[in-house]
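Working notes, beginning with the structure itself.
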Amino acid sequence: MESKGRIKLLVAEAESPEALEKLRLKLRQQQILDAARSMMFRWSSEDRVIFYLHKQAAFMDNVTFCLPKGESPLGPIKIEITGVDAKSVIDWLAPPTSKGKPLFEREPPR
(Lines give C-alpha, C1' and ligand atoms only; values in the text may rest on other atoms or scores of the structure.)
Protein backbone atom coordinates (compact mmCIF):
# COMPACT_ATOMS: atom_id res chain seq x y z
CA MET A 1 0.00 0.00 0.00
CA GLU A 2 1.19 3.48 -0.84
CA SER A 3 -0.33 6.69 0.44
CA LYS A 4 -0.73 9.87 -1.56
CA GLY A 5 -2.27 12.33 0.86
CA ARG A 6 -5.65 10.95 1.87
CA ILE A 7 -5.62 8.41 -0.97
CA LYS A 8 -4.27 4.90 -0.47
CA LEU A 9 -3.09 2.96 -3.50
CA LEU A 10 -2.51 -0.74 -3.96
CA VAL A 11 0.54 -1.12 -6.19
CA ALA A 12 1.58 -4.41 -7.79
CA GLU A 13 4.81 -5.00 -9.69
CA ALA A 14 5.99 -7.81 -11.94
CA GLU A 15 9.24 -8.44 -13.78
CA SER A 16 8.02 -10.61 -16.64
CA PRO A 17 5.35 -10.21 -19.33
CA GLU A 18 3.80 -13.52 -18.26
CA ALA A 19 2.12 -11.55 -15.45
CA LEU A 20 -0.17 -10.18 -18.19
CA GLU A 21 -0.95 -13.54 -19.79
CA LYS A 22 -4.46 -13.77 -18.28
CA LEU A 23 -5.29 -10.31 -19.65
CA ARG A 24 -3.89 -11.32 -23.04
CA LEU A 25 -6.10 -14.43 -23.14
CA LYS A 26 -9.20 -12.53 -21.96
CA LEU A 27 -8.83 -10.00 -24.80
CA ARG A 28 -9.02 -12.90 -27.25
CA GLN A 29 -11.87 -14.70 -25.46
CA GLN A 30 -13.96 -11.52 -25.33
CA GLN A 31 -13.00 -10.70 -28.94
CA ILE A 32 -12.03 -7.11 -28.10
CA LEU A 33 -8.54 -6.93 -29.60
CA ASP A 34 -9.18 -3.85 -31.76
CA ALA A 35 -10.86 -1.90 -28.96
CA ALA A 36 -8.10 -2.94 -26.55
CA ARG A 37 -5.40 -1.90 -29.00
CA SER A 38 -7.01 1.51 -29.47
CA MET A 39 -7.35 2.14 -25.73
CA MET A 40 -3.78 1.00 -25.07
CA PHE A 41 -2.32 3.38 -27.66
CA ARG A 42 -4.45 6.27 -26.36
CA TRP A 43 -2.28 7.10 -23.30
CA SER A 44 0.94 5.32 -24.21
CA SER A 45 4.29 6.73 -25.29
CA GLU A 46 7.35 5.08 -26.88
CA ASP A 47 8.57 3.45 -23.66
CA ARG A 48 5.41 3.23 -21.56
CA VAL A 49 2.01 1.56 -21.95
CA ILE A 50 -0.85 3.00 -19.91
CA PHE A 51 -4.50 1.99 -19.93
CA TYR A 52 -7.44 1.89 -17.54
CA LEU A 53 -9.79 -0.97 -16.67
CA HIS A 54 -13.24 -0.79 -15.13
CA LYS A 55 -12.92 -1.99 -11.53
CA GLN A 56 -16.36 -3.62 -11.19
CA ALA A 57 -15.98 -5.47 -14.50
CA ALA A 58 -12.55 -6.73 -13.41
CA PHE A 59 -14.08 -7.99 -10.15
CA MET A 60 -16.50 -10.05 -12.29
CA ASP A 61 -13.51 -11.40 -14.33
CA ASN A 62 -14.30 -9.28 -17.41
CA VAL A 63 -12.05 -6.86 -19.25
CA THR A 64 -13.68 -3.50 -19.89
CA PHE A 65 -11.56 -0.50 -20.80
CA CYS A 66 -12.55 2.90 -19.48
CA LEU A 67 -11.42 6.50 -19.23
CA PRO A 68 -9.30 7.68 -16.30
CA LYS A 69 -12.26 9.58 -14.80
CA GLY A 70 -16.02 9.32 -14.81
CA GLU A 71 -16.77 5.83 -16.15
CA SER A 72 -15.93 3.57 -13.22
CA PRO A 73 -17.84 4.64 -10.07
CA LEU A 74 -15.18 3.13 -7.79
CA GLY A 75 -12.38 4.55 -9.91
CA PRO A 76 -10.48 2.69 -12.61
CA ILE A 77 -7.62 0.26 -12.32
CA LYS A 78 -4.59 1.94 -13.89
CA ILE A 79 -2.20 -0.40 -15.68
CA GLU A 80 1.22 1.09 -16.37
CA ILE A 81 3.99 -0.87 -18.05
CA THR A 82 7.28 1.02 -18.06
CA GLY A 83 10.74 0.60 -19.56
CA VAL A 84 9.46 -1.23 -22.62
CA ASP A 85 8.94 -0.72 -26.33
CA ALA A 86 5.24 0.14 -26.13
CA LYS A 87 4.39 -1.02 -29.65
CA SER A 88 5.94 -4.46 -28.99
CA VAL A 89 3.93 -4.88 -25.79
CA ILE A 90 0.69 -3.79 -27.46
CA ASP A 91 1.37 -6.03 -30.48
CA TRP A 92 1.79 -8.95 -28.07
CA LEU A 93 -1.29 -8.17 -25.94
CA ALA A 94 -3.63 -7.02 -28.71
CA PRO A 95 -2.39 -7.48 -32.28
CA PRO A 96 -4.27 -5.86 -35.15
CA THR A 97 -7.03 -7.98 -36.64
CA SER A 98 -8.74 -8.69 -39.93
CA LYS A 99 -12.29 -10.07 -39.85
CA GLY A 100 -11.91 -10.61 -36.11
CA LYS A 101 -8.75 -12.72 -36.35
CA PRO A 102 -5.28 -11.56 -35.23
CA LEU A 103 -3.01 -10.78 -38.17
CA PHE A 104 -0.05 -12.18 -36.22
CA GLU A 105 0.97 -13.45 -32.80
CA ARG A 106 4.18 -12.20 -31.16
CA GLU A 107 6.42 -13.71 -28.54
CA PRO A 108 6.26 -11.97 -25.14
CA PRO A 109 8.47 -8.87 -25.16
CA ARG A 110 11.64 -9.02 -23.06
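Using the structure shown, decide if PRO95 is assigned to a loop (DSSP other than H, G, I, E, B), at negative phi and loosely packed, with under 14 Cβ neighbours inside 10 Å. Before the answer, list the steps.
Values: assigned to a loop (DSSP other than H, G, I, E, B): yes; at negative phi: yes; loosely packed, with under 14 Cβ neighbours inside 10 Å: no.
Judged against the criteria, PRO95 is not a match.
Working carefully through the options PHE41, PHE51, find the one that is at pLDDT 95 or above, surrounded by 13 or more Cβ atoms within 10 Å (Cβ to Cβ) and outside any helix (DSSP H, G or I).
After ruling out the rest, the residue left standing is PHE51.
So which residues in region 56-80 are at pLDDT below 95 and closer than 15 Å to LEU10 by Cα?
Scanning region 56-80 gives LEU74, GLY75.
A quick yes/no check of all residues on (1) at positive phi; (2) free of Cβ contacts under 8 Å to residues at least 24 places away in the same chain; (3) not in a loop (DSSP other than H, G, I, E, B); (4) not hydrophobic (A, V, I, L, M, F, W, C):
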site: VAL63; (1), (2), (3), (4): no, no, no, no
site: LYS69; (1), (2), (3), (4): no, yes, no, yes
site: SER72; (1), (2), (3), (4): no, yes, no, yes
site: ILE79; (1), (2), (3), (4): no, no, yes, no
site: VAL84; (1), (2), (3), (4): no, no, no, no
site: ILE90; (1), (2), (3), (4): no, no, yes, no
site: GLU105; (1), (2), (3), (4): no, yes, no, yes
site: PRO109; (1), (2), (3), (4): no, no, no, yes
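Give the residue, chosen from PHE59, PHE104, PHE65, that is among the hydrophobic types (A, V, I, L, M, F, W, C) and in contact with a Leu (Cβ under 8 Å, 6 or more places away or on another chain).
Working: PHE59 fails: in contact with a Leu (Cβ under 8 Å, 6 or more places away or on another chain); PHE104 fails: in contact with a Leu (Cβ under 8 Å, 6 or more places away or on another chain).
When all the criteria are applied, what remains is PHE65.
I need every pair where a residue in region 7-22 that is under 24 Å from ALA94 (Cα atoms) has its Cβ under 8 Å from the Cβ of a residue that is in a strand (DSSP E or B), sequence separation at least 6 or different chains.
Correct list of pairs: VAL11/GLU2; LEU20/ILE81.
The values are calculated or read from the model by the stated rules, or taken from the named source; none is laboratory data. Since this is a predicted model, take the numbers as computed values, not measurements. Glycine gets a Cβ as well: all are built from the backbone with ideal geometry, and neighbour counts include every protein chain shown.
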